[in-house]
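The block underneath contains the structure these notes are about, expressed in structure tokens.
Only the coordinates and a few stated rules stand behind these numbers; no lab work does. A quick note: this is a predicted structure, and the numbers were derived from the prediction, not measured. Backbone-built Cβ (ideal geometry, glycine too); neighbour counts: all protein chains shown.
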Number of protein chains: 2
Amino acid sequence: MPLYRITVAYDGTHFEGWQFQARPASPGKNAPRTVQGVVEGALLRLAAGAPVRVTGAGRTDAGVHAWGQVASFDLPREMDVAALGSALNGLLPADIRVLSAAAAPPGWNARRSATSKLYRYELDLGPVRLPTRRHYAGYHRGALIPERVLEVAALYRGRQDFAALASAGSTVTTSVRTVFRSAARFEPDPLTGDPQGRLIYEVTADGFLRKMVRSMVGGLLSAGSGARTADDLARALKAGNRGLWPPPAEACGLTLVWVAYSPPPPLAPLA
Amino acid sequence: MPLYRITVAYDGTHFEGWQFQARPASPGKNAPRTVQGVVEGALLRLAAGAPVRVTGAGRTDAGVHAWGQVASFDLPREMDVAALGSALNGLLPADIRVLSAAAAPPGWNARRSATSKLYRYELDLGPVRLPTRRHYAGYHRGALIPERVLEVAALYRGRQDFAALASAGSTVTTSVRTVFRSAARFEPDPLTGDPQGRLIYEVTADGFLRKMVRSMVGGLLSAGSGARTADDLARALKAGNRGLWPPPAEACGLTLVWVAYSPPPPLAPLA
């Protein structure tokens, strides 16, 4: 069967995350609305009723957004890739958009073939949470100490065991990951011009544990607000003790921006 | 009765605009949800059942957002202004936030006392509409010619009759307004880095006709996409003929950013 890959953007606000969940949260309710489930529903119609299983590069949580999620799937028949992207956008709701579509080589898999992923977290600071940003940025009331935030961002770089940042009940075989880039910066508040109006954190790694980026931001926040020192966090990271790590930041500030493959696939954006 | 002023931010997505509408759109329905109506509802509770009428600086349309709307109202009793802001935020939904509150001098009026207003319009360009931006930016599929956009932005500057840009059925006594600043610029697409990923248009004037900013952006779009020339638009503006003017841009891209007063009021943001 021919294999395809698509790049997908979505607004995670009204999704219970990426991954398909068959079971309703309580009896009599519908199955949770997930990005994978909605994309598979659209492909089911496109494939004239043949069920299509979609693999996503990153299993984003409820409320997490994507600008560049990548997904792969088999179709029962060959399709023109431009037509595939347009047809999917015709079937998908406005909170999911296909940005590009391409044929993939045999054996290619959006998750296993990925070499790195870039996540971005936006955190608004200041006295009041701006309504237009409430679904697209985390929020911390008050300022952060920039040097401490940068110090903790530097802690995350390199190949190390991130067990302290994994969510409870994780079943992965190893919690060692390589962080290629971990960069925090401040942007001005668009209304007041306050130079520390927002914290933007971007992180690229060969893989992420569940809630790892949100736990990383939890660490930035904890040190930046003075609750912990960078040394405290360095020790907790080294000890691999989840109980010592600050809580993860809110989901809504997180966006899966980019997934890298080697070699990069020849992706034509939709015309 | 003591007079107060507040600065208010809101997400216009789920509001039928600023202005209170008593009548339901159809029999059996509730009255439309408006920002003024919701703020007055919160003040009614704060004033222990005494109805409070709120005057807003700008009557934003359905779907239009605000970072710095200003409103004034009388209260039946004196209130500490910090307590007023916090109490209102406790009663208001998350899509409206009070950013600051202050006492106002007798006779002061958020609408009549305003000397100028700054509106901002964001328009996303590119092949696909990004889901996370669909309620916060207008959208145009494809590129715009920057020189033409800037040429039309320059047309709007100065004191002139904007009758061509007024919405139908307007009942204002004069359509002459003074535009102090009219500035268009392009910002990169955050995902692809395309330097013309977004158009940002900011305009400051002593007042605006209904749908005037959206009509201004309609003009930028029309010239930028090549549908009209700047000369066409200059002639239509001079002739004051609404029928010759391109349609207004979508509401969701527009934000009321700032309202200026002279002298500027001593506004302490909420601690």
| query | So how many Å³ per residue does the convex hull of the Cα atoms of the stretch B:117-187 work out to? | reply | 133 Å³
| query | Which of A:Arg185, B:Arg134 comes first, and how do the rest follow, when ranked by fewest Cβ neighbours within 10 Å? | reply | A:Arg185, B:Arg134
| Total charge dipole magnitude, the stretch B:3-112, about the Cα centre, Cβ charges on Lys, Arg, Asp, Glu only, Debye to nearest 20 | 240 debye
| query | Among A:Met212, B:Met216, A:Met1, what is the fewest-to-most ranking by other Cβ atoms within 10 Å? | reply | A:Met1, A:Met212, B:Met216
| task | Enumerate the amide H contacts of A:Ala62 below 5 Å, restricted to partners 5 or more residues apart or on another chain; note that Pro and chain-start residues carry no placed amide H. | result | A:Gly17
| Using a simple charge model, +1 on the beta-carbon of Lys and Arg, -1 on the beta-carbon of Asp and Glu, nothing else, what dipole does the stretch B:115-257 show about its Cα centre, in debye to the nearest 20? | 400 debye
| remark: Expressed in Å to one decimal, the Kirkwood Rh of the stretch B:115-257 from all distinct alpha-carbon pairs is 15.1 Å
| For A:Gly142, label point 7 Å along C-beta direction: distances to other copies, nm | 5.3
| What list of ³J(HN,Hα) values in whole Hz, one per residue of the stretch B:235-245 in order, does the Karplus curve 6.51 cos²θ - 1.76 cosθ + 1.60 (θ = phi - 60°) give from phi, with Gly and Pro shown as x? | 5, 4, 4, 5, 6, x, 9, 4, x, 8, 8
| Mean projected area in nm² (Cα convex hull; one quarter of hull surface) for the stretch B:3-112 | 6.8 nm²
| remark: Computed ³J(HN,Hα) along the stretch B:209-218: with the Karplus parameters 6.51/-1.76/1.60, θ = phi - 60°, integer Hz and x for glycine or proline, the list is 6, 4, 6, 5, 5, 5, 6, 4, 5, x
| What relative contact order, as a whole-number percentage, does the stretch B:115-257 give when Cα pairs under 8 Å and 6 or more residues apart are counted? | 36 percent
| request: Check cross-link reach from B:Lys211 to the aspartates and glutamates: straight Cα distance under 14 Å, and skip same-chain residues fewer than eight apart. | output: B:Asp61, B:Glu250
| request: Let me have the relative contact order for chain B, percent, based on Cα pairs under 8 Å that are six or more residues apart. | output: 24 percent
| Using alpha carbon centroids, what distance separates the stretch A:145-192 and the stretch A:9-25, in Å? | 25 Å
| Net charge dipole size for the protein assembly as shown [Lys, Arg +1 and Asp, Glu -1 on Cβ; Debye, nearest 20] | 580 debye
| field | Phi-based couplings in Hz for the stretch B:160-166 (Karplus 6.51, -1.76, 1.60; Gly and Pro marked x) | value | 7, 8, 9, 3, 5, 9, 6
| remark: Quick note on B:Tyr139, A:Tyr10, ordering by fewest other C-beta atoms within 10 Å, gives B:Tyr139, A:Tyr10
| Expressed in nm², what is the orientationally averaged projection area of the convex hull enclosing the Cα positions of the stretch A:42-163? | 11.0 nm²
| request: Please list the equivalent ellipsoid semi-axes of the stretch B:78-136, computed as the square roots of five times the alpha-carbon gyration tensor eigenvalues, in descending order and whole angstrom. | output: 34, 19, 7
| Local electrostatic count at A:Trp108 - Lys and Arg +1, Asp and Glu -1, tallied over other residues with Cβ under 13 Å | +2
| remark: If amide H atoms are modeled at 1.01 Å from N in the peptide plane, then the residues at a separation of 5 or more from B:Ala260, or on another chain, having amide H under 5 Å from its own are B:Thr115, B:Ser116, B:Lys117, B:Leu118
| Which cross-chain or sequence-distant (5 or more) residues have an amide H under 5 Å from the amide H of B:Val176, H modelled 1.01 Å from N in plane? | B:Phe162
| field | Convex hull of the protein assembly as shown built on C-alpha atoms - directionally averaged projected area, nm² | value | 29.0 nm²
| Calculated SAXS-style log₁₀ I(q)/I(0) at q = 0.16 Å⁻¹ - chain A, Debye, Cα scatterers | -1.22
| task | Report, for A:Ala83, each distance to the same residue's label point in the other copies, shortest first and in nm; define the point 7 Å along Cα→Cβ. | result | 7.1
| note | Cα extents of the stretch B:5-57 along the principal axes, largest first, in whole Å, come to 33, 25, 15
